[in-house]
Every structure is written in C-alpha cells, then in structure tokens.
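The values are calculated or read from the model by the stated rules, or taken from the named source; none is laboratory data. Owing to the predicted nature of the structure, the values given are computational and were not obtained by experimental measurement. Every residue, glycine among them, receives a Cβ derived from its backbone with ideal geometry; neighbour counts consider all protein chains shown. Please note that ligands, DNA and RNA were not included when accessible areas were found on the heavy atoms of the full protein model with its side chains. Shrake-Rupley method; radii C 1.70, N 1.55, O 1.52, S 1.80 Å.
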Amino acid sequence: MKRLERLGEAAAPDGTVLTLFRHDRDYSIRVAGVELMSTRRHHSEEQLAGLVCRPLETSRGARVLIGGLGFGFTLRAALRTLPADARVVVAEIVGGIIEWNRDRGYPLAADALADPRVELRHADVADVLRESRGAYDAIMLDVDNGADALTTGGNAELYRTRGVRMAAAALRPGGRLAYWSADDDPRFESVLRAAGLAVEVVRVRAHASAGGPHTLFLAQTSAT
C-alpha cells in the first residue's frame, strides 16, 4: 500500500495552514485535516469552466477571471475552450499554491500557467475585482468550499451581498459570474438573485462517473 506523503505547507494571509500531500500519483491539499481539493476529483471544476467559457468560443478578445488556482483544472478547461486571443487572469492569494503549481516536479498546472493567454496574480481576488469594473466577460470563483468559508474568513465576504455586487460590477454587459460550491446553498442562491442576477443552479458529480454532487451557481448580468 502506498503511503501518504506530506510534501509541504503554506500559510494563507490569515495564518490558515494548507498542507500538500501525495498518495501514489494523486495530490491533495488539506486544511486542519480536511481535504480542500484533490487531483482525484476535478470533474465539477472542468464542467464549471466549460459552462462558463463555451459561449465565448467565438468571441474576440474575451477576458476571463478565475479566482482560486487550486490544481489548475478550471484553468486548463478554460484554455481548451477559449480562443487564441483570449486573456485569462488567475488570482491566487496563497503563495505556496502558486509555487506548488509552478514546480515541474509535480504534475500540476505548470504548463497551463505558461500559456501566453494567462496572467497569474498573487493577489486576493477581491482586490482584483475591486479594481476591474466592467473588465470581464466571465468570472469564475472557486476560492473555498462555498459560502461557509473553510480556508480563510476573508473568503466569506465574496459570498455576501456586497461581494456579489462587486463581482457583478466587474463584468461587461451580459457577462457571466459563476461560483463553485461543495454543497447546495439556497441562502446564497437568494443573495445572487437579490443582486439582480439571473441564476441557474447546476449539480455536477465530483468525478465523471462517481462521487457525490458539487453545486455550480451560474449567474448572468443583463445584456444592457
């Protein structure tokens, strides 16, 4: 039996410790012993990118923001869909996650981050949103397990009314705003609707053929 290897630790700005593990060929990141993400289960992240980016396949100069690098599955799926002149900004607040993904000793997201369409920012996605009014055709936020923040308390602000309105303000007319969540959250769905967004809730398996469902909140602004 392959043993679980602890590869390193990284601290979020609020002091939360994230730990990188490897088991055989699979990688995971845990917080206080709870698995936050894994390379074994990434179907829902890929579906998130597909649903959001597919309408932009033929758009000229599409601009997309991804909040949360994770293991790069959302980014890779977006790049497979978006045209050659698209620009994808990835905001990741934890420096250690960036280092792990850039490390070519790990089969993570180094190739995707080297794509010329990608701009990686070591930054809080809230700060990027705040400075980007009307800048993006699509925004995907996968910064935590959902509205009940697991990684950092600051993430919770993104799921409250003020944070949702800030994200919506960073979209171009008709832009799409999407959130990944580990669970259903009717309260958060109500927050999105109260912000004047058209909302669709999609449930997708964590793995293409097995595992429990994750929830994708797909919201859209008015085209005018």
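At-a-glance table
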item: FRET efficiency, 1/(1 + (r/R0)^6) with R0 22 Å, evaluated for ARG121 and ARG165 via beta carbons; result: 0.50
item: Size of charge dipole - the chain - debye, nearest 20, with Cβ of Lys, Arg +1 and Asp, Glu -1, no other charges; result: 400 debye
item: Accessible surface of the range 9-159 [probe 1.4 Å, protein heavy atoms]: carbon and sulfur percent; result: 44 percent
item: Candidate values [x] 11.8; [y] 17.4; [z] 14.8, label of the one derived for mean projected area of the Cα convex hull in nm²; result: [x]
item: Local electrostatic count, ALA169, Cβ distance below 13 Å [Lys/Arg +1, Asp/Glu -1]; result: +4
item: Sum of -39500 (n - 2.57) over DSSP H runs of 4+, divided by residues of the chain (222 nm, nearest 500); result: -6500 deg cm²/dmol
item: Residue-normalised accessible area of the range 62-171, expressed per residue, 1.4 Å probe, Å²; result: 39 Å²
item: Whether the range 1-57 is rounded, prolate or oblate, judged on the alpha carbon gyration tensor where a/c under 1.5 counts as rounded; result: oblate
item: Part-to-part distance (alpha-carbon centres) for the range 181-203 and the range 49-67, which is given in Å; result: 20 Å
